[in-house]
1. How much net charge surrounds His52 when only other residues with a Cβ under 13 Å from its Cβ are counted (Lys, Arg +1; Asp, Glu -1)?
2. Taking a 22 Å limit on the Cα-Cα distance, which of the listed pairs Lys71/Lys96; Lys131/Lys175; Lys96/Lys175; Lys43/Lys166; Lys43/Lys146 fall beyond it?
3. With a ≥ b ≥ c the root eigenvalues of the C-alpha gyration tensor of the chain, is it rounded (a/c under 1.5), prolate (a/b larger than b/c) or oblate?
4. Normalised by the number of residues in the chain, what is the relative contact order in percent for Cα pairs under 8 Å and 6+ residues apart?
5. Report the net charge of residues surrounding Leu75, where surrounding means a beta-carbon distance below 15 angstrom and charges are Lys +1, Arg +1, Asp -1, Glu -1.
6. Can you tell me the FRET efficiency between Leu75 and Asp156 if r is taken as the Cβ-Cβ distance and R0 is 35 Å, rounded to the nearest 0.05?
7. Work out, step by step, the length gained on full extension between Glu113 and Asp21: first 0.36 nm times the residue separation, then minus their alpha carbon distance; give nm to one decimal.
8. Under 14 Å from a point placed 7 Å out from the Cα of Leu181 along the Cα-to-Cβ direction: which residues of the stretch 119-135 have their backbone N that close?
Amino acid sequence: MRYVLVLSLIVSLSGCVPYSDNPLTDPGQQPMDASVYGSWYWKDDNEVGYVHMGLDRESKLLRVFMIEFGKDGELHASELVGHTSSFSDHAYLNLKWVSPSDENPGYLFVRYEVRGDVLEISLMNNEAAEKAIQDGSLKGEVISAKWWSTAHITEDKEALQQFVAKHDEELFTEKSPLHRLNPPDAPAAK
């Protein structure tokens, strides 16, 4: 059920996921972390899903495709692009939506750690980001709708990176594992 909650937030409730006008680091500033390349999956009683990540040859950005199969046969697909950032002993994905195209226009942040064949992910906690905006420790606005609210972060990159480094543990609280899909004779990531 934990997989459903985390990944469904990305796919269908992106209004509840904080987004930023700026990435944590500029694309190309750091080498791309190839440890995330490959196919990952989750499975629970109601669905199975796959996340495919790799480098786009032309843009040199990370391409992320997510496919979700519901128990009822319903299929959800999405695509994001971005890059990896690493600082203060943590690694992050800076991702922007490609499809569906009507999702928020900014970067969403995912802290990750690869341990063998497990990719542990953690989305930025919206409540923590909203609280930081409301108390003035992070520049941005809280956008409210009838059933949800979301933090829109407008902080510049350097200050944002310092904020995330200082408040990482309260910003990234829920962790969910994805497992590497190792098909026979698949090329290894370099």
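All of the numbers you see were taken from the coordinates with simple rules; none came from a lab. Predicted model only: the values in this text are computed from it and were never measured. Reconstructed Cβ throughout: ideal geometry from the backbone, glycine too, with neighbour counts over all protein chains shown.
1. With Lys, Arg at +1 and Asp, Glu at -1, the neighbours total -1.
2. Over 22 Å apart, Cα to Cα: Lys71/Lys96; Lys43/Lys166; Lys43/Lys146.
3. Oblate is the answer for the chain, as a/c is 1.5 or above yet b/c matches or exceeds a/b.
4. 25
5. Computed value for this residue: -4.
6. Plugging the Cβ-Cβ distance into 1/(1 + (r/R0)^6) gives 0.35.
7. 30.7 nm
8. none
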